[in-house]
Structures are given as C-alpha cells and as structure tokens.
Amino acid sequence: MTENQNTLKFLSACDELITGKFLVAENKIQKVLGLLAETPQVYSLVAECMEHFNRDRELGKAFVQGSGGKFLCIMPDEEYKVIALVFCTLADINVGKINFMEFVKRFFSDEGDNPYKRFISIMIIPFRNLIAEAFSFPKIELAPKQDQIQAEEVSERVEKQPVYVDEDMANKILKFPTVRNLNRVDSVTGLEKLCVVCQRICGQMLDELESLRRDAHTEELLMICYALIMATADQDLDMLRALTYGLKYAGKGVKSIKYLVRELEENIERFINALEDND
C-alpha cells in the first residue's frame, strides 16, 4: 500500500469518527490513533507539530472557564498547535486520562446544540482538514453556524484577557507591508488559481525530496513544503511568498528541486506584479 493510500485510510477513519455516533466514538478514536501510528507521513507531520508544542500550557489555554462560569474550548490559531492539541486530547481519551463523556459535556455543551457535534466541529474536523490539506487531499467544510459560535467564543476571550508577549519575542517582531493589508487582492479567482498551481509544484517537490536520503536538511525542506501546502490551502499570499523565499535559500545545493523552486517563485512574483500593475 502506498503512502497516499495509507493517508486516505487514516482520513477515512477520521470521517467515520465525524459521522459516527457518540456511543461508539471512543472505539473510533482508538482506530484513528492506530492508523495514525501506522501512516508514516501523517505520523511525521504530527511529530513535527509536537516538537515545539508546550502541552500543559496549550491545554490550559484551550480548555477554559469563561467569565459567566461556562466552560469553553478555544482552539489555537496556529495550525501546528491545532494538530498537536487534538492529538494529545485524543491520546488522553484513549488511555482513560480524560473521561470522554464528562469532557464533551463540560466543554462543548451549548443551548440548542448537540455537545458531541460541537466537539466534532471544533476539534476533529479542523484536525482532519489540516492533515488532509498537508498531503493535497480535499477537506470537508465546517458548518457556518459553528464557525460563528467559535468566532464569538474567541472574541469573548480576547476581550477579557490581555495578550502577553515575551519581551525577547517582542523585540523580534518587525512591521512590514503585506499584500493582505494593502487590500490589493481583488480577484479571489486569481488567487485560487495561483494556489492550485503552487500546490501542484509543492507536490512535485515533496516527491523529489521523499526520494532523497533522509537527513536533517531534507527534513527541514520537507517541513517548509508542508507549510507551503498549508499556505496554499489558506490562500495566504504573504505566507506563501515568505515560505518560498525561505525554501529558495534553504534548498540551495539540492538540484532535484532547483527548477521547481524557481517555478514556484516565478508564479508568485508574476501574480504580485500583476496586482501592482492594476493599482
């Protein structure tokens, strides 16, 4: 069985959890985790996400009690943290560290809403989609109502809690003009087409890199490629451009991807120039 077939099997297990009943959810979670461990490229992605993930701190930030005494689940903004957070939660449920029934009722109860469906929408669907997009598989959509619920919860928490930035990190934050903030991306269709092209190029680079001897440098390049694919899935032009510059310099000396990196950069710069010409 190929890696893509293994990944598809893993995603199918996620879909069974998403569409299944609450009563059999723990069995489905066990199946998801088992297939994750047996799928090398998904396992590697999750392992990379875990490398810089502070488990206790992020769990404490995600599962909180609001000002009115209501318990909430607030998912992180960073994609790697979403993957790591959901993985840790599912692992804790699987080994009995978290009582699944109490957990779902406490953090996902909402008047007029099914707690299990909210758990699926807030945690499992984003986790499944991020992994699917990383390997160029289609995603499934969140319900519009759930998007609004989560946006309101995040807004409530941001308004009531100050943002803390470490002093050393604050000194590293640089202001720079971004395409997104200049509001020059008027053609969504054009950006979608660019992202499709870039995702195809990144897929070709992944194939080339997978054929190389696996060392620290190759792993770094693979990580950048995965991040590029996520940027195309989000249609984040700034991130796509920045990661391409990073890959250009990190990939120097790797002949098998040299022309693919150049093609990626040329497509992005052509799109940027077209936007500037239309100003």
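Quick notes on this structure:
- Tallying residues that are touching a Cys at 6+ places or on another chain (Cβ under 9 Å), of a type in the set (Val, Ile, Thr) and more than 22 Å from Val42 (Cα to Cα) within segment 232-254 yields 1.
- Of all residues in segment 113-132, one or more are surrounded by fewer than 18 Cβ atoms within 10 Å (Cβ to Cβ) and in contact with a helix residue (DSSP H, G or I) (Cβ under 7 Å, 6 or more places away or on another chain).
Each row is one residue, and each column tells you yes or no for (1) surrounded by 15 or more Cβ atoms within 10 Å (Cβ to Cβ); (2) touching a residue at least 40 places away in the same chain (Cβ under 8 Å); (3) of a type in the set (Phe, Trp, Tyr); (4) assigned by TED's automatic domain parsing to the domain that holds Leu130.
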{"position": "Leu8", "(1), (2), (3), (4)": "yes, yes, no, yes"}
{"position": "Ala13", "(1), (2), (3), (4)": "yes, no, no, yes"}
{"position": "Thr19", "(1), (2), (3), (4)": "no, no, no, yes"}
{"position": "Phe22", "(1), (2), (3), (4)": "yes, yes, yes, yes"}
{"position": "Ala25", "(1), (2), (3), (4)": "yes, yes, no, yes"}
{"position": "Lys28", "(1), (2), (3), (4)": "yes, no, no, yes"}
{"position": "Glu38", "(1), (2), (3), (4)": "no, no, no, yes"}
{"position": "Val42", "(1), (2), (3), (4)": "yes, yes, no, yes"}
{"position": "Glu48", "(1), (2), (3), (4)": "yes, yes, no, yes"}
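- Looking across Ile229, Ile268, Ile257, one residue alone is modelled with pLDDT of 85 or more and either within 30 Å of Tyr43 (Cβ to Cβ) or touching a strand residue (DSSP E or B) at 6+ places or on another chain (Cβ under 9 Å) (or both). It is Ile257.
- Qualifying residue in segment 135-150 (condition: more than 27 Å from Gln235 (Cα to Cα) and either out of contact with any Pro (no Cβ under 9 Å at 6 or more places or on another chain) or at pLDDT 50 or above (or both)): no
- Wholly within segment 52-125, helices (runs of 4 or more DSSP H) carrying at least 1 residues that are within 19 Å of the chain's Cα centre (by Cα) and under 24 Å from Glu26 (Cβ atoms): 55-62, 79-94, 115-119
- Qualifying residue in segment 89-105 (condition: surrounded by 16 or more Cβ atoms within 10 Å (Cβ to Cβ), over 21 Å from Gly34 (Cα atoms) and in the same structural domain as Leu59 (by TED's automatic domain parsing)): yes
- Test: residue in segment 3-26 that is part of a helix (DSSP H, G or I), among the charged types (D, E, K, R) and over 20 Å from Ala91 (Cβ atoms): yes
The values are calculated or read from the model by the stated rules, or taken from the named source; none is laboratory data. Predicted, not measured: the structure shown is a model, and the values here were computed from it. Backbone-built Cβ (ideal geometry, glycine too); neighbour counts: all protein chains shown.
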